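Just below is one structure, and these are the notes that go with it.
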Amino acid sequence: MFENLQDRLGSILNGLTGRGALSEADVSAALREVRRALLEADVALDVVRSFTDRVREKAVGAEILKSIKPGQMVVKIVHDELIEMLGGEGVGIDLHAPAPVVVMMVGLQGSGKTTTSAKIAHRLSTREKKKVLMASLDTRRPAAQEQLRQLGAQANIDTLPIISGQSPTDIAARAVQAAKLGGHDVVILDTAGRTHIDEPLMVEMADIKKRSNPHEILLVADSLTGQDAVNLARSFDERVGITGLVLTRMDGDGRGGAALSMRAVTGKPIKLIGVGEKMSELEEFHPRRIADRILGMGDIVSLVERAAENIDAEKAAAMAAKMAKGKFDLDDLADQLRQMQKMGGMGGIMGMMPGMAGMKDKMAAAGLDDKLFGRQIAIIQSMTKAERTNPDLLKHSRKKRIAAGSGTDAAAINKLLKMHRQMADMMKMMGGKGKGGMMKQMMGGLAGKMGLGGGMGGMGGGMPDLSNIDRRQLEALQKQAEAAGLGKPGGGMPGLSGMPGGLSGLGGAKLPGLGGGFPGLPGLPKKK
């Protein structure tokens, strides 16, 4: 969502960091460009004006102009003010109330209330082990109640039995009573919406609030609607009183202005963001992480959390054992490609790695898109078990059969085999016995810089056991990474730049520093 803004701010700030000294005129010129970039991203005018005024006030001090690296200081000020604009610290759903905690979902029709209700219920039941009851109060939209019932069945969440003819306020009262009798921790009320704000809608919301006494009132807004979403939030807050916001479709190609304006205009925290269609694709909103992504500094913590959710611990441990012996066949390569797809594809991973945000465009230009992974997996699946284990068997006649089976050609198969050879060679280096192997040295050095201990499964390296890291340690990880030089724009990932071959085996130009793929990391929790 923030790609255009990221590119604009990146080029503006890189122009500042490249200079030895900055004058007030340099800072003013840069801030004019920042102002223009934010306005083009559909950020509210008042928010932009306040943001640039605060940055200018801090950036034009004599103390900063005389500093060794004034450009980097300006980047830090912009970064800090972005975090402040987005709300400072992340705020989650507040469940500190007597059970059952009532969460009321409000918003316009089509904003994704019903799906988001199910996603929140799924998140609370899987992550926080809460017993959740969902109830649909939407008696206007055809099959709205049935939709929530089906989503509940899909996610294994209890839903309130449907009784036709009941009013929304009666359903709300029945839901709270049923949650008390059923021993539920949380009850989520999915209210009706309209295509636009009108008086009957607001009266209905006020009546439901009075009858159910919700602890949280979450406004669900479509982030692609831009400033309309900000006006919507203000109207709902004035009439109903919201406690937080949930932004949907944050994976879309909108300009991101709503997300950047919402907190500053309404004063209400953005608690959750929808980043995809799947039930698990709902994330907490962390201002620091979003600011890091916008300024191209990566987001290590979110990448670690995504890995912990998607990487199978048993497969990762088996992979580590094979790597220790220097073995890496085509089945292992297919597993790596599937894991990368689950974690958001190459573009999603690169956007979260420090200093790598600008690499996405280069990769796209080189033809390295996520569709390529699907073709590579199709080629591997068209091989026999013996061919996957021993790629040396693949002569001309076999390649011809595999090409026909996978809908590709011999050239694509040769590129895949070349990539496999490069990765297999690298695995041998990583699992080598000299001084504990390259992987042990690289991971140990990286973990040492971050001040992290722990072992790396069967390999004995320095990568921490991610399943035992609590949330405070995860939050500290980002700061430790920045201190180690991982969070600076253009800083790259130490230890990755020396890997042989780049990704040339995938086709297109070589991309040094990405040679290793993303081997599975042992020590991660099992998938739920």
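The values are calculated or read from the model by the stated rules, or taken from the named source; none is laboratory data. Because the structure is a prediction, the values reported are computed rather than measured. Note that each Cβ is placed from the backbone with ideal geometry, even for glycine, and that neighbours are counted across all protein chains shown. The accessibility values were calculated without ligands, DNA or RNA, using every heavy atom of the protein model including side chains. Shrake-Rupley method; radii C 1.70, N 1.55, O 1.52, S 1.80 Å.
Within the stretch 401-417, is there a residue that is at pLDDT 90 or above, outside any helix (DSSP H, G or I) and open to solvent by 50 Å² or more (accessible area, probe 1.4 Å)?
Within the stretch 401-417, one or more residues are at pLDDT 90 or above, outside any helix (DSSP H, G or I) and open to solvent by 50 Å² or more (accessible area, probe 1.4 Å).
Testing Asn390 on (1) open to solvent by less than 50 Å² (accessible area, probe 1.4 Å); (2) closer than 19 Å to Ala424 by Cα, one condition comes back false. Which one is that?
(1)
Residues that are open to solvent by 10 Å² or more (accessible area, probe 1.4 Å) and assigned to a helix (DSSP H, G or I): does the stretch 90-113 have at least one?
yes
Check whether at least one residue in the stretch 209-226 is in contact with a Pro (Cβ under 7 Å, 6 or more places away or on another chain) and within 16 Å of Asp138 (Cβ to Cβ), and report yes or no.
No: the stretch 209-226 contains no residue that is in contact with a Pro (Cβ under 7 Å, 6 or more places away or on another chain) and within 16 Å of Asp138 (Cβ to Cβ).
Using the structure shown, decide if Met353 is at pLDDT 65 or above and either open to solvent by 10 Å² or more (accessible area, probe 1.4 Å) or under 18 Å from the mean Cα position of the chain (by Cα) (or both).
No; evaluated as a whole, the condition is false for this residue.
When you go through (1) closer than 29 Å to Glu204 by Cα; (2) over 27 Å from the mean Cα position of the chain (by Cα); (3) open to solvent by less than 70 Å² (accessible area, probe 1.4 Å) one by one for Arg149, which number turns out not to apply?
With respect to (1) closer than 29 Å to Glu204 by Cα; (2) over 27 Å from the mean Cα position of the chain (by Cα); (3) open to solvent by less than 70 Å² (accessible area, probe 1.4 Å), Arg149 is out only on (3).
Any chance the stretch 284-303 includes a residue that's farther than 30 Å from Arg49 by Cβ, in contact with an Asp or Glu (Cβ under 8 Å, 6 or more places away or on another chain), open to solvent by less than 20 Å² (accessible area, probe 1.4 Å) and at pLDDT below 70?
yes
Pairs needed: first member in the stretch 420-432, modelled with pLDDT under 70; second member anywhere, part of a helix (DSSP H, G or I) and open to solvent by 20 Å² or more (accessible area, probe 1.4 Å); C-beta distance under 7 Å; at least 6 residues apart or different chains.
Partner pairs satisfying both residue conditions: Met430/Met438; Gly431/Ala324; Gly432/Met438.
Residues to consider are Ser136, Ser117; find the one that is of a type outside the set (A, V, I, L, M), surrounded by 24 or more Cβ atoms within 10 Å (Cβ to Cβ), over 22 Å from Glu238 (Cα atoms) and under 20 Å from the mean Cα position of the chain (by Cα).
Ser117
Out of (1) closer than 13 Å to Val187 by Cα; (2) touching a residue at least 24 places away in the same chain (Cβ under 8 Å), the odd one out for Pro98 is which?
Every condition holds for Pro98 apart from (2).
Are there any pairs, at least 6 apart or on different chains, whose C-beta atoms fall under 8 Å, with the first in the stretch 34-54 and surrounded by 13 or more Cβ atoms within 10 Å (Cβ to Cβ) and the second acidic (Asp, Glu), and if so, which?
Matching pairs, first to second residue: Phe51/Glu81; Arg54/Glu81; Arg54/Glu84.
Across the stretch 120-133, what is the number of residues that are in contact (Cβ under 8 Å) with a residue 60 or more places away in the chain and either touching a strand residue (DSSP E or B) at 6+ places or on another chain (Cβ under 9 Å) or buried (at least 17 other Cβ atoms within 10 Å of the Cβ) (or both)?
The qualifying residues number 5.
Does Ser382 qualify as being at pLDDT 80 or above, open to solvent by 40 Å² or more (accessible area, probe 1.4 Å) and among the small types (Gly, Ala, Ser)?
The answer is no for Ser382.
So Arg19 ticks every box in (1) part of a loop (DSSP other than H, G, I, E, B); (2) modelled with pLDDT of 80 or more; (3) of a type outside the set (Asp, Glu) but one. Which box is left unticked?
With respect to (1) part of a loop (DSSP other than H, G, I, E, B); (2) modelled with pLDDT of 80 or more; (3) of a type outside the set (Asp, Glu), Arg19 is out only on (2).
Go through the stretch 309-348 and count every residue that is part of a helix (DSSP H, G or I), modelled with pLDDT under 75 and open to solvent by less than 20 Å² (accessible area, probe 1.4 Å).
7
Regarding Glu281, is this residue without any contact (Cβ under 8 Å) to a residue 60 or more places away in the chain and either open to solvent by 20 Å² or more (accessible area, probe 1.4 Å) or out of contact with any strand residue (DSSP E or B) (no Cβ under 6 Å at 6 or more places or on another chain) (or both)?
So Glu281 fails the test.
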